[in-house]
Amino acid sequence: MLKTASRRENTISPLTNYVLNGGFIVLALACVLPVVLVIIVSFTHNDSLLSRGYSFFPVKWSLIAYESLFKDYGTILRAYGVSVGITAAGTVLSVLLMALYAYPISRQDYPLRPFFTFFLFFTMLFSGGIVSKYIVFTQGLGLLDNYLSLLLPLLIVPFNVIIMRTFFQTTIHPALIESARIDGAGELRIFVRIVLPLSLPVMATMALFSTILFWNDWFNALLFIRAEDKYPVQFLMIRVLNDIQYLRENVQLAAQNPEMMRDLPNESLQMAMAVVGMGPILIVYPFFQKYFVKGLTIGAVKG
Amino acid sequence: MDIKTKKRHIPALALVFAFASMLQACAGGSGDDKGASSPPASSAAPSSASASASAAPSESAAPSELAPYEVSIVYFGKPQPDDALVEAKLNEFFKEKINATVKLQPIASSDYKNRTELMMNTGEKMDLVFTASWLNFFGNVSKGAFVELDDLLAKYGQGIKDRLNPLYLEAPRMKGKLYAIPTNKEITQGKALTYRKDIVDKYQIPIDSINTMADLEPWMAKVKAGEPGIIPYYVAGGSGNFGGGFMMYETRGNYRPIGPAPAKTPMFLLDYKSSDEMKVKSVLDPEIVDINKQEVGLFRSFYEKGYINADAATSTTTVNDLQKEGKIWVQAATWKPGADIEMKLATDSKYDYVSHVVEEPIVTTDLAAGSMFAISRTSKDPDRAMMVLNYLHTDPYVINLFVNGIEDKHYKKVGENRIEPVADSGYNPGTSWVVGNQLLNYLKPGQPDDLYTSWEKFNNEAKRFPLMGFVFDEANVKNEITQMTAVVTEYQSIFTGAVKNPEKLLDERNAKLKSAGIEKVQAELQKQIDAWRAENKK
């Protein structure tokens, strides 16, 4: 009697509680531990890496990886600057442009809606390929070694535009727009004063997507950036990792030209680079998080 | 995080290749006669200048007669902070000599192949382009990416011709025409067993009498017993070092690989000493199967006795890292004069090394074409590009500026021909084997004084492979080779010793290779070799 009274209607049994909590703790650890390991390895001395492999409790700690990484701090700071700049500018522009595309095609009363929706959808299925992209950017637009070549290719992500359109369609009732129009608001005012404030969750979600996209992008730099002082930080790092990978796969070539093996970073240095590369994104996440859940549920039917 | 972006580009990449081959097909019509028709067209602009230049040797052409031109040099090397300074210095020199400037375009190793092919496919303007047999040189030639060089070399490359071993110029040819100028360095490499000197001294190992892996066995046992920290024989199967495959044929007879090698595993072999018939054997040939079985059996027994590292099948740690830790006492390596010192320098100079060469150095097409410069079809002035290349091959000042940087800023001169690099100076691209004439490079600490004379001797004495100059065109058997690559990749780890019953797996692999069409490829290879011999009367 007493037992049931102490338990409220909606609570779960202690056993289920433990099981659920345990399950999520394991899940969370599976996400967090690899990151922790990367950080620890970056502080591990190379000797103990070679003799014992990766370990959470290394025998010998060292700061050598970071020392040699920041010995050349000018390069890294500049690359950071490029990445931060591209990410900030890219995110703002990208969210704005995508919203401006998504909003009209969310409106039932827009006559060209089918055409522009298809226009967008088509690019999801077919792309011009890298050769044509390369020709357009380098020979058509002349953007070789230009920061715009890092910005432009990622401004509109068709899939994200469609998510946004769906969000506008489901959350913003046509009656709302109609009433605003009756009150004398023009299209632009409706968009800025009514639609945008109501769509904050999806905006924040898209901003997060864009931030990650721009921050992690190295492929456009691979194609379009030649001068090393214009490299974004991710490309700087992926290039070093690729170089190592390349030499491992071409043992023969490396053996014939030992000069290539010189200055190769060891594993703790590679991990230190990964830590340096992921830093800012870890900071950005919490800011967007409160919108994130809501933003992702868009598209689901709501009661 | 990167996985996401990477994945997205895979279909895109596939599209590129499809698209690229279409582009090439379109360009193909004019591609064949390119060699004959395009040089006059492309040199039309400076023709008035080059007419006078061609009368006199290029060195004496007055700079004022040549229109200013920027020669872009695309090469295999890590971009350096001081590239611009070096470029400015190079420009001073070339401006005065041939009224040209250069644009250095270093591309890091991992990007090099993809990026240059993209540049070729999109017709971007380039002049001198680093290329090599392992960068699909012959494929790019047949796509028409490069200008034919015989005439240019005769006109403006006299210095190159004088210095380069004539064997070199036999390799980068397609249908008899020259398409690239090899970098002057050691022309080939032998294979050797390289030992740590202190261990050899300690155990009195008679390295000169150890010619096969089997000879090594008693010493592996001794080292295992006496040196607990050392791995008796290290195999990194996770990164393409498959142990047994490396010296299998070289230590067991006169067969040498020829033709396609899917996943870097030789499939076809030729007895290089019986030059009279040139009969290709595949890995299905009983004799070759026998060699393979002996080798995998030997490695399996090494592994079972604990001589090979336990993670041989998957390990990716580079030998260099382990050498620095003192865990390696012997390894199968490539050899050329000075190799021991290079190995010492590449591993923080912790140990001395000695080698015993187990294979006579042979010059094959692939090795002689291992590092070269070609002139791109998109060059607007191939004459000038060749002049620049000629200087890189003949002028010690220019070539050392290119590979070592600026004196007193990037290196200090400590002898007539000897330098000491300045640490962290902002220019140390490691391109001595890439550009021009390595025999003109200043010597670095540790390199012996007679390094270059011994290289020249080595080059002159190197034996030529009977099929030197032959290139296999795999266009007709592409599907078969793709299938063979899949099979070989699947069974690659049998050579590491880490898998059970390797002999049985080898039979299994060979059966699969047979159904993948290895015999068709063999027939095609034989056909092409016969045709090549008839053409070259050998």
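The values are calculated or read from the model by the stated rules, or taken from the named source; none is laboratory data. If you're wondering where the values come from, they're calculated on a predicted model, not measured in any experiment. Because the Cβ atoms are built from the backbone with ideal geometry, glycine has one as well, and the counts that use them run over all protein chains shown.
Looking only at the range A:255-285, how many residues end up being at pLDDT below 70 and at the interface with another protein chain (Cβ under 9 Å from one of its Cβ atoms)?
The number of residues fulfilling the criteria is 10.
Within the set B:Leu149, B:Leu135, the sole residue that is aliphatic (A, V, I, L, M) and within 17 Å of B:His393 (Cα to Cα) turns out to be B:Leu149.
Based on what the data block shows, is B:Ala100 among the hydrophobic types (A, V, I, L, M, F, W, C) and touching a residue at least 24 places away in the same chain (Cβ under 8 Å)? Outline the logic, then answer.
Working: among the hydrophobic types (A, V, I, L, M, F, W, C): yes; touching a residue at least 24 places away in the same chain (Cβ under 8 Å): yes.
When the stated conditions are applied, B:Ala100 passes them.
So which residues in the range A:36-49 are in a helix (DSSP H, G or I) and touching a residue at least 40 places away in the same chain (Cβ under 8 Å), if there are any at all? Before the answer, list the steps.
Of the range A:36-49, the ones in a helix (DSSP H, G or I) are A:36-42, A:46-49.
Listed by number, the residues that qualify are A:Val38, A:Ile39, A:Val41, A:Ser42, A:Asn46, A:Leu49.
Residue-wise test of (1) at pLDDT 90 or above; (2) part of a helix (DSSP H, G or I); (3) of a type in the set (Gly, Ala, Ser).
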{"position": "A:Ala5", "(1), (2), (3)": "no, yes, yes"}
{"position": "A:Leu20", "(1), (2), (3)": "yes, yes, no"}
{"position": "A:Pro34", "(1), (2), (3)": "yes, yes, no"}
{"position": "A:Ser51", "(1), (2), (3)": "no, yes, yes"}
{"position": "A:Tyr54", "(1), (2), (3)": "no, no, no"}
{"position": "A:Phe57", "(1), (2), (3)": "no, no, no"}
{"position": "A:Ser68", "(1), (2), (3)": "no, yes, yes"}
{"position": "A:Gly85", "(1), (2), (3)": "yes, yes, yes"}
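Taken over the range A:90-119, residues that are touching a Lys or Arg at 6+ places or on another chain (Cβ under 9 Å) and outside any loop (DSSP other than H, G, I, E, B) amount to 8. Here B:Tyr195 clears all of (1) among the aromatic types (Phe, Trp, Tyr); (2) in a helix (DSSP H, G or I); (3) modelled with pLDDT of 90 or more except the condition numbered (2). Out of curiosity, is B:Asp150 modelled with pLDDT under 90, acidic (Asp, Glu) and more than 14 Å from B:Leu392 (Cβ to Cβ)? No.
The set of residues in the range B:189-242 being under 22 Å from B:Ile362 (Cβ atoms), more than 14 Å from every other protein chain (Cβ to nearest Cβ) and among the hydroxyl-bearing types (Ser, Thr, Tyr) consists of B:Thr212 alone.
Restricted to the range B:249-265, and to residues that are out of contact with any Gly (no Cβ under 8 Å at 6 or more places or on another chain) and free of Cβ contacts under 8 Å to residues at least 60 places away in the same chain, which residue is nearest to B:Met213 (Cα to Cα)?
So the first thing to find is which residues in the range B:249-265 are out of contact with any Gly (no Cβ under 8 Å at 6 or more places or on another chain), and the list is B:249-263.
Next, only the ones that are free of Cβ contacts under 8 Å to residues at least 60 places away in the same chain stay: B:249, B:252-255, B:257, B:261.
Numbers: B:Tyr249: 11, B:Arg252: 10, B:Gly253: 13, B:Asn254: 16, B:Tyr255: 17, B:Pro257: 19, B:Ala261: 23 Å.
That would be B:Arg252.
Checked against the criterion of being within 28 Å of B:Glu461 (Cα to Cα), over 24 Å from the mean Cα position of the chain (by Cα), not small (Gly, Ala, Ser) and not in a loop (DSSP other than H, G, I, E, B), the candidates B:Asp208, B:Asp201 yield just one match: B:Asp208. Exactly one residue among B:Ser425, B:Ser379, B:Ser371 is of a type in the set (Gly, Ala, Ser), touching a Gly at 6+ places or on another chain (Cβ under 8 Å) and touching a residue at least 24 places away in the same chain (Cβ under 8 Å), and that residue is B:Ser425. Each residue in the range B:142-175 was checked for being assigned to a loop (DSSP other than H, G, I, E, B) and in contact (Cβ under 8 Å) with a residue 60 or more places away in the chain, and 11 pass.
Identify all residues within the range B:146-158 that are buried (at least 20 other Cβ atoms within 10 Å of the Cβ) and farther than 12 Å from B:Met174 by Cα; write none if there are none. Break it down into steps so the answer makes sense when it comes.
Within the range B:146-158, the first condition is being buried (at least 20 other Cβ atoms within 10 Å of the Cβ), and the residues that meet it are B:146-149, B:152, B:156-157.
B:Leu152, B:Tyr156, B:Gly157 - these are the residues of the range B:146-158 that are buried (at least 20 other Cβ atoms within 10 Å of the Cβ) and farther than 12 Å from B:Met174 by Cα.
Could you list, in sequence order, the residues of the range A:100-125 that are more than 20 Å from A:Met203 (Cα to Cα) and under 23 Å from the mean Cα position of the chain (by Cα)?
Pass one, the range A:100-125, residues more than 20 Å from A:Met203 (Cα to Cα): A:108-116, A:118-119, A:121-125.
The answer is A:Phe121, A:Thr123, A:Met124, A:Leu125.
Looking for something of a type in the set (A, V, I, L, M, F, W, C), farther than 25 Å from B:Asn136 by Cα, within 14 Å of another protein chain (Cβ to nearest Cβ) and over 23 Å from the mean Cα position of the chain (by Cα) - is there at least one such residue anywhere in the range B:401-410? Scanning the range B:401-410, I find no residue that is of a type in the set (A, V, I, L, M, F, W, C), farther than 25 Å from B:Asn136 by Cα, within 14 Å of another protein chain (Cβ to nearest Cβ) and over 23 Å from the mean Cα position of the chain (by Cα), so the answer is no. Looking only at residues in the range A:185-217 that are among the β-branched types (Val, Ile, Thr), within 24 Å of the chain's Cα centre (by Cα) and within 16 Å of A:Arg165 (Cα to Cα), the one that is surrounded by the fewest Cβ atoms within 10 Å (Cβ to Cβ) is A:Thr205.
Of all residues in the range B:313-338, which are part of a helix (DSSP H, G or I), more than 8 Å from chain A (Cβ to nearest Cβ) and surrounded by fewer than 22 Cβ atoms within 10 Å (Cβ to Cβ)? Correct list: B:Lys324 only. Filtered by the rule that a residue be under 30 Å from B:Gly326 (Cβ atoms), surrounded by fewer than 17 Cβ atoms within 10 Å (Cβ to Cβ) and within 14 Å of chain B (Cβ to nearest Cβ), the range A:60-87 gives A:Lys60, A:Ile64, A:Glu67, A:Ser68, A:Phe70, A:Lys71, A:Asp72. Reported count of residues in the range B:511-538, each being in contact (Cβ under 8 Å) with a residue 60 or more places away in the chain and more than 26 Å from B:Pro466 (Cβ to Cβ), is 1. Only a single criterion out of (1) in contact (Cβ under 8 Å) with a residue 12 or more places away in the chain; (2) farther than 30 Å from B:Ala132 by Cα is not satisfied by B:Ala180, namely (2).
Inspection of the range B:383-397 finds no residue satisfying the criterion of being in contact with a strand residue (DSSP E or B) (Cβ under 6 Å, 6 or more places away or on another chain) and within 14 Å of chain A (Cβ to nearest Cβ). Among the residues of the range A:170-212, those that are in contact (Cβ under 8 Å) with a residue 60 or more places away in the chain, hydrophobic (A, V, I, L, M, F, W, C) and in a helix (DSSP H, G or I) comprise A:Ile177, A:Phe191, A:Val195, A:Leu196, A:Leu200, A:Val202, A:Met203, A:Ala204, A:Met206, A:Ala207, A:Leu208, A:Ile212. Filtered by the rule that a residue be in contact (Cβ under 8 Å) with a residue 40 or more places away in the chain and either within 10 Å of another protein chain (Cβ to nearest Cβ) or touching a helix residue (DSSP H, G or I) at 6+ places or on another chain (Cβ under 6 Å) (or both), the range A:217-229 gives A:Asp217, A:Asn220, A:Ala221, A:Leu223, A:Phe224, A:Arg226, A:Ala227, A:Glu228, A:Asp229.
What is the residue count in the range A:45-66 for residues that are farther than 14 Å from A:Ala274 by Cα and under 28 Å from the mean Cα position of the chain (by Cα)? Total meeting the criteria: 2. A search for C-beta distances below 6 Å between a residue of the range B:492-509 that is modelled with pLDDT under 90 and any residue that is surrounded by fewer than 24 Cβ atoms within 10 Å (Cβ to Cβ) and part of a loop (DSSP other than H, G, I, E, B), counting only pairs 6+ apart in sequence or on different chains, returns B:Ser493/B:Ala313; B:Ser493/B:Val499; B:Thr496/B:Ala313; B:Ala498/B:Ala313.
Taking the range B:478-505 on its own, how many of its residues are in contact with a Lys or Arg (Cβ under 6 Å, 6 or more places away or on another chain) and either in a helix (DSSP H, G or I) or loosely packed, with under 14 Cβ neighbours inside 10 Å (or both)? Explain how you work it out, then say what you get.
First, the residues of the range B:478-505 that are in contact with a Lys or Arg (Cβ under 6 Å, 6 or more places away or on another chain): B:480, B:487, B:491, B:497, B:502-503.
Within this subset, residues satisfying the condition of being either in a helix (DSSP H, G or I) or loosely packed, with under 14 Cβ neighbours inside 10 Å (or both) are B:480, B:487, B:491, B:502-503.
Residues that pass the stated criteria total 5.
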